Each structure stands twice: as C-alpha cells, then as structure tokens.
Amino acid sequence: MIRASLVIAAVAYLLGSIPNGYLLVRLFRHQDIRSVGSGNIGATNVLRSGSKGLAAATFVLDVLKGSASVWLGGFLGALLLPATSTSLRTAQAVAALFAVLGNMFPVWLRFRGGKGVSTGFGVFLVSAPWAALAAISIFAIVLFLTRYVSLASILGAACFPVFAWFLYRMQAVGPPPPANFFTVQCAVALLIILKHHQNIRRLLAGTESRFGAKITA
C-alpha cells in the first residue's frame with residue numbers, strides 16, 4: 001500500500017510539475033514569464049504578458065495535467081492496490097494532492113511554480129465534477145462582479161469542498177468516499193488559498209490589480 005502510494009504520488013507530482021506557462025512563453029515569445037508581472041507561471045500572468053492565446057493554452061494544459069494526474073492515479077491504483085472503491089478513491093486523492101503540489105512547487109523551476117488554480121480545477125473535475133463546475137461558477141461570478149482574479153480564485157477554491165460535501169449528501173448513492181478523500185479536497189483548497197497570501201494582503205490594502213489592468217500584481 002505504501003509503495004503503491006509513493007509511486008502514484010511521484011507520477012502525479014512529475015506530471016503536475018510540467019510548467020506549461022513557462023514553456024509556452026519561452027518557446028513562442030522567448031521570454032521568461034517569471035520576469036513579467038507577478039512572476040507567476042500561471043495563465044493569468046501569461047495573459048498579463050500580452051498573449052491571450054498562450055494564456056488560454058496555459059489554462060487548458062494546466063487543467064488537463066490535473067485531470068490526467070487523477071485519472072492516471074486511479075489507473076495505477078487499480079493495478080497496484082486491492083480492487084475496491086476505497087482503494088481507487090484513495091489513489092485518486094493522493095494523485096490530486098501531489099499534482100497540485102507539483103504545479104505549485106515544480107522541481108524544474110527550483111520549486112517556484114503556479115498557484116494551483118487551473119490544476120486544482122483539473123483534479124476536481126475528475127474527482128468531483130459537479131462540485132468543480134459549481135466552484136468555477138462562483139469563480140466566474142466573482143470575477144465578473146469584482147474583476148479580481150485572485151478573489152475569484154480564493155472564493156472558488158474555498159467553496160469547492162462545501163459543494164462536494166453537500167452534493168454527496170444530496171445524492172447519497174453508493175458507498176461514501178473514504179475520509180481522506182474529503183481531507184485531500186480540503187487540503188488542496190487550503191493550499192490554493194495560502195498560495196494567494198500576497199494577493200490577500202493586497203486585497204486588504206486595496207492595492208490589488210483588477211483583471212485587464214495594465215499594472216503588475
């Protein structure tokens with residue numbers, strides 16, 4: 001069990017640590033995205049660099065690597081762990097956590113990565129799709145009303161575990177997910193929020209830049 005979990009964690013971390021924003025901007029614009037705007041490698045900062053196309057590609061690829069990590073974690077869990085629904089969910093939970101950690105702390109960039117929003121959405125989309133869609137709806141509403149990407153990301157992440165819990169309680173079909181599954185969902189949401197600590201300070205100070213503004217964040 002421990003060896004299988006370590007394999008799943010390592011694979012998910014390596015997949016999650018692929019720095020899509022950094023690679024795309026380096027390849028197509030010959031720039032280091034870490035020297036632009038906030039220095040983040042995520043889609044928002046890629047957009048801030050002046051390329052809508054690369055920003056969209058970064059978002060899609062980060063979502064896909066999150067989803068692929070959870071899917072692959074489940075596949076490896078089916079191969080390496082006892083064939084039970086609990087084992088499958090546990091494997092997916094391990095993969096989800098380490099994919100997001102890989103995005104946030106990629107070994108290739110000296111552990112200076114993204115904030116886990118797009119990758120987190122990707123892992124949630126596989127592990128709890130309806131809750132993920134509800135959370136991204138909150139993101140879209142908050143972004144529309146405030147134009148703060150950071151605030152929208154924080155509230156979307158915070159709402160996800162709540163949506164996941166209530167949607168499960170409403171359905172109440174099949175065996176309940178293992179406790180560590182909900183624990184990982186909460187942990188991923190908390191990690192995303194903590195990664196926005198500088199944004200939170202700027203929001204409180206009233207100095208956070210809004211989406212579309214021509215200033216750094």
Original post:
If we count other beta carbons within 10 Å of each Cβ, what is the order of Val162, Val25, fewest first?
Top reply: Val162, Val25
Original post:
Once both labels are modelled 7 Å past Cα along the beta-carbon direction, what's the Ala158-Arg201 spacing in nm?
Top reply: 1.9
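Report the calculated FRET efficiency for Leu79 and Asn180 (r = Cβ-Cβ distance, R0 = 22 Å), to the nearest 0.05.
Rounded to the nearest 0.05, the efficiency is 0.65.
Starting from the Kirkwood Rh over alpha-carbon pairs, what translational D in µm² s⁻¹ does the stretch 1-57 have by Stokes-Einstein at 25 °C and 0.890 mPa s?
Estimated diffusion coefficient is 199 µm²/s.
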Subject >> 0 to 90° range, to nearest 10: angle between helix 52-80 axis and the chain longest Cα axis >> reply: 20
Original post:
Could you give the angle, 0 to 90 degrees to the nearest 10, between helix 20-29's Cα long axis and the longest principal axis of the Cα atoms of the chain?
Top reply: 40
**OP:** Among Met170, Ile8, Thr86, flag the residue with its Cα farthest along the positive direction of the charge dipole of the chain, charges on Cβ as +1 for Lys/Arg and -1 for Asp/Glu.
**Re:** Ile8
Original post:
Where the convex hull is taken over the Cα atoms of the chain, what is its projected area averaged over directions, in nm²?
Top reply: 11.9
Subject >> Förster radius 41 Å - calculated FRET efficiency between Val60 and Thr86, Cβ distance, rounded to 0.05 >> reply: 0.80
Original post:
Once label points are set 7 Å from the Cα along Cα→Cβ at both Ile18 and Leu6, what is their separation, rounded to one decimal in nm?
Top reply: 2.6
Original post:
Where does helix 149-171 land angle-wise versus the long Cα axis of the chain, in degrees 0 to 90, nearest 10?
Top reply: 20
Subject >> Within the stretch 130-145, backbone nitrogen closer than 17 Å to the virtual label 7 Å beyond the Cα of Arg210 toward Cβ >> reply: 140-145
Original post:
For the stretch 2-205, with only Lys/Arg (+1) and Asp/Glu (-1) charged at the beta-carbon, what is the dipole magnitude about the Cα centre, in debye rounded to 20?
Top reply: 520
Subject >> Whole-Hz couplings from phi, Karplus 6.51/-1.76/1.60, listed for the stretch 199-205; x for Gly and Pro >> reply: 5, 4, 4, 5, 4, 5, 7
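None of the figures in this text is laboratory data; all of them are computed from the coordinates on show. Note that the structure is predicted; figures quoted are calculated from it, not measured. Heads up, the Cβs are rebuilt from the backbone with ideal geometry, glycines too, and the neighbour counts pull from every protein chain shown.
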